[in-house]
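The next block holds one structure in the form of structure tokens; read it before the comments.
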Amino acid sequence: MEAINYQVKERNEEIKLPESLGFGKYFTDHVFEMDYSKEKGWYNPTIKPLADILMHPATMFIHYGQAIFEGLKAFKTENGDVVLFRPDQHIKRLNNSAKRICIPAVDEEFVLEALKELVNIDRDWVPSKKGESLYVRPFVYGSNPFLGVSPANTYKLVILLSPVGAYYPEGFKPVKILVQDDYVRAVRKGLGECKTPANYAASLLAGEKAKEKGFTQVLWLDGVKQKNIEEVGTMNIFINLKDEVVTPKLNGSILPGITRKTVIQLLKEWNMNVVERDISVDEVIQKYDSGELLGIFGTGTAAVITSVGWLSFKDKNMVINGGEPGKLDVKLFDEITAIQYGLKQDTHGWIQKVEKKEVEVS
Ligand code: COI
């Protein structure tokens with residue numbers, strides 16, 4: 001791979017972030033971009049000032065959706081270091097998504113280095129308040145103009161940075177979730193496990209209808225029988241029962257979340273009986289009625305650990321743990337965020353430091 005071309009702009013004024021960041025509304029000064037063609041492979045890696053991307057109206061991904069993305073986070077630790085949480089896992093997943101929709105793989109080590117270089121350049125944008133972080137959004141799309149349905153000939157990879165707070169309007173407070181059976185998000189052997197815009201487009205109408213009824217998000221059921229619970233779209237789901245903590249097993253239509261994987265590992269280390277298996281909505285209701293349902297929480301990069309305080313399916317309305325965050329949810333949230341903000345030693349190799357380097361400005 002050729003060396004990164006730096007077109008770094010000096011910032012003359014102080015960065016002023018609002019009191020409440022919300023999610024995905026603000027962007028830093030620079031982006032990383034690189035191109036792909038069949039002849040050259042990935043080429044022209046460049047860090048440059050954030051600017052609009054000019055594209056031909058026939059640019060392929062606009063029409064046929066050949067695009068993938070990731071979401072990971074950089075944190076400012078207590079001692080002022082900037083660190084990334086499991087970036088290698090996210091880049092690996094980017095390549096898994098790429099394979100499913102005929103996008104050429106990236107060199108994972110190179111993209112990780114490029115990502116660190118970019119975060120280093122915009123490191124002053126990493127917020128230091130607890131609950132805030134710098135969200136890193138790598139994405140790849142088919143970029144040549146053509147109206148025939150086929151994989152694109154050329155691609156662009158972009159890494160965009162956005163200082164963020166909590167994803168949900170509730171902050172990290174328990175959310176209200178509606179179990180959805182009027183629509184499906186994904187089916188086995190489809191695109192469900194691929195982080196591609198199509199899955200999010202599939203979720204919009206149901207999400208809007210749920211919001212109209214006062215819910216934050218929907219919980220999807222399997223696309224065939226609409227019986228087993230799958231995921232929330234912005235987070236994976238865990239059901240905390242009396243004798244086991246259950247999360248739906250990865251069956252091809254569920255996104256393999258990195259926070260999901262982190263939680264499974266932590267629960268195993270805490271000697272808890274965490275089980276990846278099918279779990280139907282009927283079983284969740286039955287466990288609720290019998291008093292064996294202790295809590296429900298979601299996991300995700302943006303959502304971190306978010307308790308589900310209310311879960312509704314048809315005319316069954318369940319108040320989970322009195323609408324309060326469950327003990328286990330809080331313990332997991334505290335453990336993961338303590339590692340991310342450097343308050344607790346990382347014994348798992350999940351944290352990667354972004355070394356501070358001076359870069360020449362143009
Ligand atoms: C994430 O958690 O990073 C996601 O990608 C979910 C959502 C913001 C699309």
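Structural remarks
- Solvent-accessible surface of the chain, averaged per residue with a 1.4 angstrom probe and all protein chains in place: 47 square angstrom.
- Taking the DSSP beta bridges with both ends in the stretch 175-340, the antiparallel portion is around 65 percent.
- Of all DSSP bridge pairs formed entirely within the stretch 5-166, close to 95 percent run antiparallel.
- Taking the 1.4 Å solvent-accessible surface of the chain as the whole, the part contributed by carbon and sulfur is 50%.
- Ordering 207-217, 5-15, 35-45 by mean Cβ neighbour count within 10 Å, with the highest value first, yields 207-217, 35-45, 5-15.
- Accessible-area ranking of Ser143, Ser133, Ser128, largest first, probe 1.4 Å: Ser128, Ser143, Ser133
- Considering only Val31, Val149, Val330, the Gaussian network model of the chain with Cα springs below 10 Å gives its largest mean-square fluctuation to Val149.
- Note: relative contact order over the stretch 175-340, using C-alpha pairs below 8 Å and six or more positions apart, is 23 percent.
- The 3J(HN,Hα) values that the Karplus relation (6.51, -1.76, 1.60; θ = phi - 60°) gives for the stretch 8-22 are, in residue order, 9, 9, 7, 9, 9, 10, 5, 7, 10, 9, x, 4, 10, 7, x Hz. Gly and Pro appear as x.
- Mean residue ellipticity (222 nm) of the chain, computed from DSSP H runs ≥ 4 via -39,500 (n - 2.57), nearest 500: -7000 deg cm²/dmol
- Estimated vicinal HN-Hα couplings, Hz - the stretch 41-55 in sequence order (Karplus 6.51, -1.76, 1.60; Gly, Pro = x): x, 6, 8, 6, x, 9, 9, 9, x, 4, 8, 4, 9, 8, 9
- Of Arg93, Arg277, Arg123, the one that fluctuates the most in a GNM where the chain has Cα springs shorter than 10 Å: Arg277
- Under the membrane-span-like helix rule (DSSP H runs whose alpha carbons stretch at least 15 Å along the helix axis, mean Kyte-Doolittle hydropathy -1.0 or higher), the chain yields 108-121, 197-212, 258-269, 327-340.
- For GluC sites (Glu not before Pro), the sites in the stretch 59-162 that DSSP calls loop and that have at most 14 other Cβ atoms within 10 Å are Glu78.
- Mean Cβ count within 10 Å, highest first, over the residues of peptides 182-188, 321-327, 286-292: 182-188, 321-327, 286-292
- Alpha-carbon centroid distance for the pair the stretch 159-177 / the stretch 191-228, whole angstrom: 18
- Distant-in-sequence amide H partners of Leu241 (H built 1.01 Å from N, under 5 Å): Val246, Leu294
- For the stretch 13-29 versus the stretch 258-272, the inter-centroid distance based on Cα atoms is 32 Å.
- Sequence-distant residues sharing a close amide H with Leu50 (under 5 Å, placed H): His30, Val31
- D (Stokes-Einstein, µm²/s), Kirkwood Cα radius, the stretch 175-340, 1.002 mPa s at 20 °C: 136
- For the stretch 183-196, the Karplus equation 6.51 cos²θ - 1.76 cosθ + 1.60, evaluated at θ = phi - 60°, returns couplings of 9, 10, 8, 7, 10, 3, 6, x, 9, x, 8, 9, 7, 10 Hz by residue, with Gly and Pro reported as x.
- Close amide H pairs (under 5 Å, H built 1.01 Å from N) link Val354 with Val82, Val83, Leu84, residues at least 5 positions away or on another chain.
The values are calculated or read from the model by the stated rules, or taken from the named source; none is laboratory data. These numbers were taken from a predicted model, which means no experiment stands behind them. Here Cβ is always computed from backbone atoms with ideal geometry, including for glycine, and neighbour counts include all displayed protein chains. When the accessible area is computed, the model is the full protein with side chains, heavy atoms only, and any ligands, DNA or RNA have been set aside. Shrake-Rupley method; radii C 1.70, N 1.55, O 1.52, S 1.80 Å.
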